[in-house]
1. Name the single residue that is farthest from ASP229 (Cα to Cα) among those in region 245-290 being among the β-branched types (Val, Ile, Thr) and either crowded, with 21+ Cβ neighbours inside 10 Å or within 31 Å of the chain's Cα centre (by Cα) (or both).
2. Can you work out which of the residues in region 158-175 that are in contact (Cβ under 8 Å) with a residue 60 or more places away in the chain and under 13 Å from the mean Cα position of the chain (by Cα) is surrounded by the fewest Cβ atoms within 10 Å (Cβ to Cβ)?
3. Restricting the search to region 176-195, which residues are open to solvent by 50 Å² or more (accessible area, probe 1.4 Å), closer than 17 Å to ALA237 by Cα and not in a helix (DSSP H, G or I)?
4. Among (1) touching a Leu at 6+ places or on another chain (Cβ under 9 Å); (2) of a type in the set (Ser, Thr, Tyr); (3) at pLDDT below 95, which single condition is THR190 missing?
5. Which of the residues spanning region 210-234 are hydrophobic (A, V, I, L, M, F, W, C) and either open to solvent by 80 Å² or more (accessible area, probe 1.4 Å) or modelled with pLDDT under 95 (or both)?
6. All but one of (1) buried (at least 16 other Cβ atoms within 10 Å of the Cβ); (2) touching a His at 6+ places or on another chain (Cβ under 7 Å) hold for PRO88, so report the exception by its number.
7. Criterion first (surrounded by fewer than 14 Cβ atoms within 10 Å (Cβ to Cβ) and over 22 Å from the mean Cα position of the chain (by Cα)) does ARG242 satisfy it?
8. If ASP155 satisfies every condition in (1) acidic (Asp, Glu); (2) at pLDDT 95 or above; (3) over 18 Å from the mean Cα position of the chain (by Cα) but one, which is the exception?
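The values are calculated or read from the model by the stated rules, or taken from the named source; none is laboratory data. Just so it is clear, the structure is predicted and the values come from calculations on it, not from any experiment. Cβ placement follows ideal geometry from the backbone for every residue including glycine, while neighbour counts extend to all protein chains displayed. Protein only, heavy atoms only, side chains kept; ligands, DNA and RNA dropped before computing areas. Shrake-Rupley method; radii C 1.70, N 1.55, O 1.52, S 1.80 Å.
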Amino acid sequence: MSLEALSADGLPPLREVVRRHGLEPKKALGQNFLFDLNLTGRIARSAGALDGVTVVEVGPGPGGLTRALLAAGAQRVVAIERDPRALPALAEIAAHYPGRLDVIDADAVGFDPRPLVGDGPVRIVANLPYNVATVLLTGWLGAETRDDVWPPWWDSATLMFQREVAERIVADEGDRANYGRLGVLCGWRTQATILFDVAPSAFVPPPKVTSSVVHLRPRPEPLPCRIADLERITRAAFGQRRKMLRQSLKAATPDPARLLAAAGLPETARAEEIPVAGFVALARALEAGG
């Protein structure tokens with residue numbers, strides 16, 4: 001790609017930014033930078049029209065996706081970055097887009113961006129650090145905090161994961177190899193879709209696996225149950241996924257037979273055969289007296 005294309009937004013080419021600020025990716029931080037501004041632009045567009053939208057980005061690094069989000073018209077980007085080496089590079093972007101980029105020096109794990117995003121539409125868009133990607137996602141879905149308030153503070157999430165994680169996010173009982181606790185949680189509270197794959201060669205350094213961009217949109221009214229009960233049920237069921245539920249659910253309740261009967265499920269079924277609605281029924285039965 002030509003330098004002219006890389007600097008079309010009026011900012012220096014990303015490779016120059018990385019060199020100037022000594023931003024060599026750190027494996028310990030799960031960093032894999034995207035230099036291809038065509039690709040970062042595609043990711044930004046995948047989040048939909050951004051006019052009037054506040055975007056929360058995690059792990060912006062040198063700011064390739066940040067620049068794409070701002071160029072795509074995001075009203076404001078809240079970028080959460082734990083690597084202090086990246087802050088001067090991000091400050092340059094903030095100066096180029098006055099009043100539209102807030103850089104937060106923090107670890108996104110456990111960080112609550114809600115006080116920063118205001119009342120308008122909010123979307124999460126990020127090339128997530130792979131070593132914390134699943135923790136961040138389950139946190140936004142309420143699993144880490146046992147948050148039963150739904151819909152959430154974000155309108156959609158457009159996120160990069162390793163392909164194998166993306167497959168687990170969108171899996172249901174029709175994909176038994178990938179279906180598990182993550183698929184149940186995501187299927188219960190969101191509509192999740194894999195949009196496109198990204199080859200290892202797009203990153204610096206190139207990871208050993210293909211990546212995928214996943215789009216998640218919250219379901220306005222998921223089937224009702226308490227998230228703590230759903231977590232307890234799925235942890236037990238998939239913790240021994242090859243066993244029948246009458247055996248595996250002993251880790252969640254002293255009387256699996258009663259629970260399965262209340263949910264209308266056969267005792268001989270295995271976790272990978274049960275749809276999301278079945279797990280919700282088990283969670284509700286647990287709440288009712290499991």
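1. Checked region 245-290; the qualifying residue farthest from ASP229 (Cα to Cα) is ILE274.
2. Of everything passing the filter in region 158-175, THR158 is surrounded by the fewest Cβ atoms within 10 Å (Cβ to Cβ).
3. Matches in region 176-195: ARG176, ALA177.
4. Tallying (1) touching a Leu at 6+ places or on another chain (Cβ under 9 Å); (2) of a type in the set (Ser, Thr, Tyr); (3) at pLDDT below 95, THR190 fails exactly one: (3).
5. Result: LEU223, single match.
6. Status for PRO88: all satisfied but (1).
7. yes
8. Condition not satisfied by ASP155: (3).
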